[in-house]
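Written out below as structure tokens is the structure these notes cover.
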Amino acid sequence: MVVQPKVRGFICTTAHPAGCEELVRRQIEYVKSKGRIDGAKKVLVIGASMGYGLASRVSAAFGCGAATLGVIFDKPASGSKTATAGWYNTKAFEKFAGQEGLYAKTINGDAYSDEIKAEAIDTIKQDLGKVDLVVYSLAAPRRTVGDTVYKSVLKTTGEPYTNKTIDLRTNEITEITLEPATDEEIDATVKVMGGEDWEMWINALKNADVLTENALTIAYSYIGPEITHPMYFNGSIGRAKAHLLATSHKITENGVKAYVSVNKALVTQSSSAIPIVPLYITILYKVMKEKGVHEGCIEQMQRLFARIYSSDLNLDQDGQIRMDDLEMREDVQAEVTKIWNELTTENLKQLADLDGYQKDFMEIFGFGVDGVDYSADVSV
Ligand code: NAD
């Protein structure tokens, strides 16, 4: 069938298999062009189908030559409905890995559940013996534990907060007031996006004796500049990230070296749902592209893998790896702040990289990719 994008707010309900495959192919090509990284050999990637998790899997497989087991939560096509983008990405990844003789298996199910943890452990035991790296890259709106469903919220904390935002349906700069999250909402957000489930994974893997002696584990975080702090760093999601960082120290104390990598703000399915942040990203893209320091998920993760397996991790005072080093550069942030203060609906296209944002957003779902024939009939 001919697949067209159907955008509803910050989600697209269709995905294009050929577009997704082409983008995965390009990620692989990029990683290969950067040369071999002497690092991971057998890797478990939790949240492996999109964004930073997919880029981590590509970096591990095609940078380090690692066998990868992915955990994803995606839907195959059914009837006239396409599969999710993550499903197509994963099929493409498995195809390319297979062509190079790289082991690549994927478990599709809820990573928060005990069943999926057990299935991953069984698969590792059977196929890999042990893994030496565990990447934890989940971004989810909810987590089910027994009969309870915890829902993460993207709210500020303390006082209500008002600032500019972008309405991506009309491309207008509007004002938004964020209400503070309640204590209950903050606790739920920490349950979903904090470190508890990461620690449960590592404990389960350790108890099953499927981690090598020097195994590493890594999870991803974001800090960002002050403009985004009320929404992110000091928001409900920031509380979850603080918990993730504390968990990294706990996991390390318990015998498995755990890192948090603070990554760059990028357009992904998850980040497009956060108020204010998309506007910041449009400005950030403009500034970083002009300065020649812009990176996407794959550039970030290739560089992260090279850094993890180098002798110089260059950790910050909290023990975090800072892949946001270019984003947070003083000259970059000074320019971003200047533009932020001047930005209106009228000068948006000129001062911010709205086109770049929209292109990246459509690419999440495999649309707008050069060289893909979108009028062609494709098997979904
Ligand atoms: P994403 O939406 O692109 O990917 C999330 C992945 O998690 C997908 O593969 C999805 O299928 C998977 N997933 C979600 N729920 C799942 C479940 N229940 N079981 C199994 N898999 C599940 O998100 P992303 O932006 O790549 O975020 C990944 C991590 O990186 C998050 O911790 C996020 O906070 C962090 N991060 C993101 C940014 C950014 O700007 N996008 C910046 C810094 C850090």
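The values are calculated or read from the model by the stated rules, or taken from the named source; none is laboratory data. Being a predicted model, the structure only gives us computed values, none of them experimental. Heads up, the Cβs are rebuilt from the backbone with ideal geometry, glycines too, and the neighbour counts pull from every protein chain shown.
Close Cβ contacts (under 7 Å, 6 or more residues apart or on different chains) running from residues in segment 337-359 that are charged (D, E, K, R) to residues that are not in a loop (DSSP other than H, G, I, E, B) comprise Glu342/Leu351; Asp353/Thr282; Asp353/Tyr285; Asp353/Lys286; Asp353/Lys289. Scanning segment 248-278 for residues that are out of contact with any Asp or Glu (no Cβ under 7 Å at 6 or more places or on another chain) and at pLDDT 95 or above yields a count of 13. Can you confirm whether segment 230-239 contains a residue that is hydrophobic (A, V, I, L, M, F, W, C), more than 10 Å from the ligand (Cβ to nearest atom) and within 25 Å of Arg57 (Cα to Cα)? No, because not a single residue in segment 230-239 is hydrophobic (A, V, I, L, M, F, W, C), more than 10 Å from the ligand (Cβ to nearest atom) and within 25 Å of Arg57 (Cα to Cα).
Sort out which residues of segment 146-167 are at pLDDT 95 or above and within 12 Å of the ligand (Cβ to nearest atom), and write them in order of number. Result: Val149, Tyr150, Ser152. For segment 117-132, taking the residues that are surrounded by 18 or more Cβ atoms within 10 Å (Cβ to Cβ) and within 16 Å of the ligand (Cβ to nearest atom), the one that is farthest from Gln358 (Cα to Cα) is identified as Ile121.
The conditions of being hydrophobic (A, V, I, L, M, F, W, C), more than 13 Å from the ligand (Cβ to nearest atom) and buried (at least 18 other Cβ atoms within 10 Å of the Cβ) are not met by Ala48.
Name the residue that is nearest to the ligand (Cβ to nearest atom), counting only residues in segment 201-221 that are out of contact with any Phe, Trp or Tyr (no Cβ under 6 Å at 6 or more places or on another chain) and part of a strand (DSSP E or B). Of everything passing the filter in segment 201-221, Ser221 is nearest to the ligand (Cβ to nearest atom).
Restricted to segment 287-380, the set of helices (runs of 4 or more DSSP H) holding at least 1 residues that are over 25 Å from Gly51 (Cα atoms), touching a helix residue (DSSP H, G or I) at 6+ places or on another chain (Cβ under 8 Å) and of a type outside the set (Val, Ile, Thr) comprises 330-342, 348-351.
The C-beta contact set for segment 257-270 (first residue in a strand (DSSP E or B), second residue within 7 Å of the ligand (Cβ to nearest atom), distance under 6 angstrom, 6+ apart or interchain) comprises Val260/Ala219; Val260/Ser221; Ser261/Tyr220; Val262/Ser221. Among the residues in segment 309-321, are any more than 26 Å from Lys91 (Cα to Cα), crowded, with 18+ Cβ neighbours inside 10 Å and touching a Leu at 6+ places or on another chain (Cβ under 9 Å)? Yes; the residues of segment 309-321 include at least one that is more than 26 Å from Lys91 (Cα to Cα), crowded, with 18+ Cβ neighbours inside 10 Å and touching a Leu at 6+ places or on another chain (Cβ under 9 Å).
Surrounded by 20 or more Cβ atoms within 10 Å (Cβ to Cβ), in contact with a strand residue (DSSP E or B) (Cβ under 7 Å, 6 or more places away or on another chain) and at pLDDT below 95: which single residue out of Leu211, Leu178, Leu205 fits that description? None of the other options fit; the residue is Leu178.
Going through Lys75, Lys105 one at a time, which residue ends up being over 22 Å from Val190 (Cα atoms), surrounded by fewer than 23 Cβ atoms within 10 Å (Cβ to Cβ) and out of contact with any Lys or Arg (no Cβ under 9 Å at 6 or more places or on another chain)? Step by step, each of Lys75, Lys105 is checked, and only Lys105 is over 22 Å from Val190 (Cα atoms), surrounded by fewer than 23 Cβ atoms within 10 Å (Cβ to Cβ) and out of contact with any Lys or Arg (no Cβ under 9 Å at 6 or more places or on another chain). For segment 74-104, a residue qualifies if it is away from the ligand (no atom under 11 Å from the Cβ) and in contact with a helix residue (DSSP H, G or I) (Cβ under 6 Å, 6 or more places away or on another chain), and the qualifying residues are Pro76, Tyr88, Ala92, Phe93, Phe96, Ala97, Leu102, Ala104. Return the only residue of Arg36, Arg57, Arg25 being surrounded by fewer than 19 Cβ atoms within 10 Å (Cβ to Cβ) and closer than 19 Å to Lys91 by Cα. Every option except Arg25 fails the conditions. Just one of the listed residues (Val71, Val31) is of a type in the set (Val, Ile, Thr), more than 12 Å from the ligand (Cβ to nearest atom) and under 22 Å from Glu363 (Cα atoms), namely Val31. Mind checking which residues of segment 249-278 are within 7 Å of the ligand (Cβ to nearest atom) and of a type in the set (Ser, Thr, Tyr)? Result: Thr268, Ser270, Ser271. Working carefully through the options Leu245, Leu313, find the one that is farther than 30 Å from Glu175 by Cα, hydrophobic (A, V, I, L, M, F, W, C), more than 10 Å from the ligand (Cβ to nearest atom) and at pLDDT below 95. On inspection, the qualifying residue turns out to be Leu313.
Among the residues of segment 350-361, some residue qualifies, meaning at least one is touching a Pro at 6+ places or on another chain (Cβ under 9 Å), hydroxyl-bearing (Ser, Thr, Tyr) and within 16 Å of the ligand (Cβ to nearest atom). Only residues that are in contact with a helix residue (DSSP H, G or I) (Cβ under 6 Å, 6 or more places away or on another chain) and assigned to a loop (DSSP other than H, G, I, E, B) were counted across segment 232-256, and they come to 2. When you scan segment 80-94, do you find a residue that is outside any loop (DSSP other than H, G, I, E, B), surrounded by fewer than 21 Cβ atoms within 10 Å (Cβ to Cβ) and touching a strand residue (DSSP E or B) at 6+ places or on another chain (Cβ under 8 Å), even just one? Yes, the conditions are met somewhere in segment 80-94.
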